[in-house]
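The values are calculated or read from the model by the stated rules, or taken from the named source; none is laboratory data. Remember, predicted model here, so these are calculated numbers, not experimental data. Positions of Cβ are backbone-derived with ideal geometry, glycine not excepted, and every protein chain shown enters the neighbour counts. Each accessible area value is taken on the protein alone, full model and side chains, heavy atoms only, with ligands, DNA and RNA left out. Shrake-Rupley method; radii C 1.70, N 1.55, O 1.52, S 1.80 Å.
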Amino acid sequence: MTGLIQFDEKTGVFHLHNQQISYLFAVEEGGLLGHIYFGHRLKDYHGGRAYPRIDRGFSGNLTDISERGYSPDTLLREYSETGFGDYRLPAILIKQENGSQATRFTYEGYRIDKGKPKLEGLPATYALEEDEAETLTVVLVDAVAKLKLSLFYTIYRDRAVITRSCRLENHSDVPVFIDKLASMTLDFTAQPLELISLPGAHVNERQLTRETIRYGQKRLVSRRGTTSHQMNNAAALVSPQTNEFFGEAYGFALVYSGNHAIEIERDQIDQTRVVIGINEEQFSWQLSPKESFQTPEVVMVYSDKGLNAMSQTYHDLVNERLVRSYKHQTRPILVNNWEATYFDFTEDTLRPIVDEAQQLGIEMFVLDDGWFGCRDDDTTSLGDWFVDKKKFPNGLSHFAEYVHSKGLQFGLWVEPEMISVDSELYRNHPDYRLEVPNRSPLLGRQQFVLDLGRKEVRQAVIEQLESLLDQGFIDYIKWDMNRHLSDVYSARLDGQCQGEVFHRYTLGLYEMLEYLTSKYPDVLWEGCSGGGGRFDFGFAYYMPQSWTSDNTDAIARLGIQYGTSLFYPISTITSHVSATPNHQTGRLTPFATRGDVAMSGVLGYELDLTKLTTAEKNLVKEQVEDYKSIRHLVQFGRFSRLMSPFEDNRAAWMFTNADKSEILVFTFMILNHAQQPIPLVTLNGLNTDKCYQNVETKEIITGSELEYLGWYEALSDKDFVSHRYHFKEVKGGDSR
Ligand code: GLA
């Protein structure tokens, strides 16, 4: 293999490159690392972008250099620190014994390794073959504080991806406090940039938002102890002219499920800095002598072909080098009883739903909240992961056997991070919850959060889950989390270490997930947090799919799924057909539209199948049958967004397989209007020489017509209408 990473000893320039991208930085005077370039692949670098020496007022100079044109305040940096004249966003803040937070890290050396090492205790993307990636470690030292900072960069051979993280080691003989240690800094040259982020709320997740980056700082954060519905931990910087198909886009996704901060600052000379990592608010980590701290990883993607290409790079990476179980395996079509029954069910009342599911071709039954302890509402029993004998007099295995006897798989809901006061776990261990001494903790959905940073707490939950899973009747687990952290204080840590609790919670959770998902690799694990509150790359490492939102309304889902697809592949996005009026919005939408939205993700049903009319049952049967024939294409095909519901009264997207012989298009018209413009649909990324047949109408059409000419959509006299178009290549067709 020709190397993917070069270091030029003479110029001090590092060049990470593959056929698609180049990433360049250099060791500058005084041992600072200066960022040079991240973008389209360069064949070589001959020094054309040396950072100019310009004397600027109030931008100080390093005493050991005393060159007035060279200032840490303006130089594009690889990793930003504080205290020595870089007044922009710092990536690192270390409180030292003398109280100072200033650090000055200088270059010490580097190494290049094949492959990609694991991050101890943290989820991360991986390399399977040694030759598919190279990892650069650049070592910086602060000689006064005796700290060593290693910056890690991995470049894949065939992807427009660079991953970054760093590790701090304390080589002094006194403890220091890490007040901030971001995973990365990336500085952009002076240029207009826009930020695309995914803010939201419970039942309104990942609402794609685009704004101009102006002077000052912008922070996209979570302080909730988890990724949150409110602000996802992935974002993109784009040129103003970038759209789905054209233009430059830089994506950033943090592989982490705790508090995050994506910080952006446009400086005095229009350069933009991005710093991403663990949110430093309420964070402080005591690093004792000889100890080290590893940050989570950031996955950076570059595209010069618009947002779809950026997303597709992420989709491939997640499917191929982040997800570990059920990799490339299509997912069963399930029915979940939550919106069908809520807490009100018994084995006897559930059986007819199972029977109906079997009739309709559904492949799995998921038993949601309410099966354990004595949980008839949300006030009780979290922490008691044993069956409610009132609802299942013959035990859970008996019901699971029934489900299996019908040829369906059996799935189960759990919420292992939580505790109800009315539970055996709480009665035996009232100190297991997060709680600040002498203060009454905040209730969230009537429940409290377990202190997962403590081993004995994790163990108490793991043992219960093992005793369920060891029985072998569970094929799927939905791992839920229905409130955010508050009262973040651990009974097991000293006062000066309470700033560690948030991160220790996440590390403890990851340890549990690593243990359980490795012990039960055949179980299909689905992440969930009140819907899509923990939709992130960290969770995807353990759980290959995630409940996208508690909002099952088809029209609301257009935006939620569109926004989610910016970073996350369709294989991770679960989507269910639910009843009307919709339980979250009260909206009435056609059954077919609900089907088309849900079939654009990992399909499931979330309604009482026994209450459907015969016509609706026939529709379900058809949808299930159709989905089985297209699900590989949907879940693992190339997904492209065509029309955004955030910009228009319409939405459209398409799926193509690897050789472009099959195309599936979904279009949605949201509201009907009088004198509606006639929507035109054109496709993207096809092989324009191929000839296709519309599977339904049997019409023949060329790829060039689909891509450039398109077709007029039939107008409808209704709101909320969807269409599905399925094309397959015809060999030897007339392509003139
Ligand atoms: C969360 C989930 C729902 C459902 C309920 C049960 O809100 O997102 O799908 O499981 O919990 O309490």
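List the number of the failed condition for Val387; all other conditions in (1) within 16 Å of the ligand (Cβ to nearest atom); (2) touching a Leu at 6+ places or on another chain (Cβ under 6 Å) hold.
Exception for Val387: condition (1).
Of all the residues that make up the stretch 604-622, how many are open to solvent by 10 Å² or more (accessible area, probe 1.4 Å) and more than 16 Å from the ligand (Cβ to nearest atom)?
12
Can you tell me which residues in the stretch 680-693 are among the aliphatic types (A, V, I, L, M) and more than 21 Å from His632 (Cβ to Cβ)?
As a first pass, look at the stretch 680-693 and keep what is among the aliphatic types (A, V, I, L, M): 680-681, 683, 686.
Selection gives Leu680, Val681.
Would you be able to say whether some residue in the stretch 441-454 is assigned to a loop (DSSP other than H, G, I, E, B), more than 16 Å from the ligand (Cβ to nearest atom) and open to solvent by 70 Å² or more (accessible area, probe 1.4 Å)? Even if it seems obvious, please write down each step before you answer.
If we filter the stretch 441-454 for residues that are assigned to a loop (DSSP other than H, G, I, E, B), which is where we start, we get 441-443, 445-446, 451-454.
Applying the additional criterion that residues be more than 16 Å from the ligand (Cβ to nearest atom) yields 441-442, 451-454.
From what's left, open to solvent by 70 Å² or more (accessible area, probe 1.4 Å): 442.
Checking the stretch 441-454: at least one residue is assigned to a loop (DSSP other than H, G, I, E, B), more than 16 Å from the ligand (Cβ to nearest atom) and open to solvent by 70 Å² or more (accessible area, probe 1.4 Å).
For residues in the stretch 222-246 being more than 15 Å from Arg210 (Cα to Cα) and without any contact (Cβ under 8 Å) to a residue 60 or more places away in the chain, which is farthest from the chain's Cα centre (by Cα)?
The selected residue is Arg223.
Out of the stretch 540-562, which residues are within 16 Å of the ligand (Cβ to nearest atom) and either aliphatic (A, V, I, L, M) or under 22 Å from Val299 (Cα atoms) (or both)? Full working, then the answer.
Filtering the stretch 540-562 down to residues within 16 Å of the ligand (Cβ to nearest atom) leaves 543, 545-553, 556-557, 560-561.
Scanning the stretch 540-562 gives Met543, Gln545, Ser546, Thr548, Ala556, Ile560, Gln561.
Does Leu307 satisfy the condition of being within 27 Å of Val602 (Cα to Cα), touching a strand residue (DSSP E or B) at 6+ places or on another chain (Cβ under 8 Å) and either more than 16 Å from the ligand (Cβ to nearest atom) or among the β-branched types (Val, Ile, Thr) (or both)? I'd like the intermediate steps shown before the answer.
Details: within 27 Å of Val602 (Cα to Cα): yes; touching a strand residue (DSSP E or B) at 6+ places or on another chain (Cβ under 8 Å): yes; either more than 16 Å from the ligand (Cβ to nearest atom) or among the β-branched types (Val, Ile, Thr) (or both): yes.
It is true that Leu307 is within 27 Å of Val602 (Cα to Cα), touching a strand residue (DSSP E or B) at 6+ places or on another chain (Cβ under 8 Å) and either more than 16 Å from the ligand (Cβ to nearest atom) or among the β-branched types (Val, Ile, Thr) (or both).
So, in the stretch 485-505, exactly how many residues are in a helix (DSSP H, G or I) and β-branched (Val, Ile, Thr)? I'd like the intermediate steps shown before the answer.
Going through the stretch 485-505, the residues in a helix (DSSP H, G or I) turn out to be 495-505.
Applying the additional criterion that residues be β-branched (Val, Ile, Thr) yields 501.
The total comes to 1.
So how many residues does the stretch 335-375 have that are assigned to a loop (DSSP other than H, G, I, E, B), away from the ligand (no atom under 12 Å from the Cβ) and free of Cβ contacts under 8 Å to residues at least 60 places away in the same chain? Reasoning before the result, please.
First pass over the stretch 335-375, keeping only residues assigned to a loop (DSSP other than H, G, I, E, B): 337, 342-346, 361-363, 368-371, 373-375.
Adding the requirement that they be away from the ligand (no atom under 12 Å from the Cβ) leaves 344-346, 361-363, 373-374.
The next check asks that each one be free of Cβ contacts under 8 Å to residues at least 60 places away in the same chain; those that pass are 344-346, 363, 373-374.
Of the residues in that region, 6 qualify.
Considering Lys478, Lys519, which residue is at pLDDT 95 or above, basic (Lys, Arg) and away from the ligand (no atom under 14 Å from the Cβ)?
On the way: Lys478 fails: away from the ligand (no atom under 14 Å from the Cβ).
Only one candidate passes the filter, namely Lys519.
Quick grid of which residues meet (1) free of Cβ contacts under 8 Å to residues at least 24 places away in the same chain; (2) surrounded by fewer than 16 Cβ atoms within 10 Å (Cβ to Cβ); (3) farther than 25 Å from Gln635 by Cβ:
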residue	(1), (2), (3)
Val665	no, no, no
Asn672	no, yes, yes
Ile678	no, yes, yes
Val695	no, no, no
Glu699	yes, yes, yes
Ser716	no, yes, yes
Asp719	no, no, yes
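Select from the stretch 578-603 the residues that are within 16 Å of the ligand (Cβ to nearest atom), of a type in the set (S, T, N, Q) and touching a residue at least 60 places away in the same chain (Cβ under 8 Å) and list them in ascending order. Outline the logic, then answer.
Restricting attention to the stretch 578-603, the residues satisfying the condition of being within 16 Å of the ligand (Cβ to nearest atom) are 578-579, 582-585, 598, 601-603.
Checking the rest, the ones that are also of a type in the set (S, T, N, Q) come to 578, 582, 584-585.
Of everything in the stretch 578-603, those that are within 16 Å of the ligand (Cβ to nearest atom), of a type in the set (S, T, N, Q) and touching a residue at least 60 places away in the same chain (Cβ under 8 Å) turn out to be Ser578, Gln584.
Could you go through the stretch 397-409 and let me know if any residue there is away from the ligand (no atom under 16 Å from the Cβ), under 26 Å from Thr574 (Cβ atoms) and without any contact (Cβ under 8 Å) to a residue 12 or more places away in the chain. Can you show your working first?
Within the stretch 397-409, the first condition is being away from the ligand (no atom under 16 Å from the Cβ), and the residues that meet it are 397-409.
Then drop every residue that is not under 26 Å from Thr574 (Cβ atoms), which leaves 397, 399-409.
Imposing the further condition that a residue be without any contact (Cβ under 8 Å) to a residue 12 or more places away in the chain reduces the set to 405.
For the stretch 397-409, residues away from the ligand (no atom under 16 Å from the Cβ), under 26 Å from Thr574 (Cβ atoms) and without any contact (Cβ under 8 Å) to a residue 12 or more places away in the chain: present.
On the given criteria, is Asp131 modelled with pLDDT of 95 or more, part of a helix (DSSP H, G or I) and within 30 Å of the chain's Cα centre (by Cα)? Give the steps one after another, and end with the answer.
Working: modelled with pLDDT of 95 or more: yes; part of a helix (DSSP H, G or I): yes; within 30 Å of the chain's Cα centre (by Cα): yes.
Yes: the conditions hold for Asp131.
Name the one entry in Tyr302, Tyr314 that is buried (at least 22 other Cβ atoms within 10 Å of the Cβ), more than 16 Å from the ligand (Cβ to nearest atom), on the phi < 0 side of the Ramachandran plot and part of a strand (DSSP E or B). Show your work before the answer.
Numbers: Tyr314 fails: part of a strand (DSSP E or B).
Going through Tyr302, Tyr314 in turn, the sole match is Tyr302.
Having 2 or more residues that are among the polar types (S, T, N, Q) and in contact with a Leu (Cβ under 8 Å, 6 or more places away or on another chain) is the bar; report the strands (runs of 3 or more DSSP E) wholly within the stretch 1-77 that clear it. Quick ask: steps written out before the conclusion?
Values: elements: 5-8, 13-17, 21-27, 33-40.
Because the criterion is at least 2 residues that are among the polar types (S, T, N, Q) and in contact with a Leu (Cβ under 8 Å, 6 or more places away or on another chain), no strands (runs of 3 or more DSSP E) in the stretch 1-77 meet it.
From Leu128, Leu149, Leu122, grab the single residue that is closer than 22 Å to Glu281 by Cα and surrounded by fewer than 22 Cβ atoms within 10 Å (Cβ to Cβ).
Leu122
Restricting to the stretch 165-223, count the residues that are open to solvent by 40 Å² or more (accessible area, probe 1.4 Å), assigned to a strand (DSSP E or B), of a type in the set (D, E, K, R) and within 22 Å of Gln268 (Cα to Cα).
Qualifying residue count for the region: 3.
Going by the conditions given, is Asp431 surrounded by fewer than 19 Cβ atoms within 10 Å (Cβ to Cβ), within 16 Å of the ligand (Cβ to nearest atom) and either among the small types (Gly, Ala, Ser) or not in a strand (DSSP E or B) (or both)? Write out each step before concluding.
Values: surrounded by fewer than 19 Cβ atoms within 10 Å (Cβ to Cβ): yes; within 16 Å of the ligand (Cβ to nearest atom): no; either among the small types (Gly, Ala, Ser) or not in a strand (DSSP E or B) (or both): yes.
No; evaluated as a whole, the condition is false for this residue.
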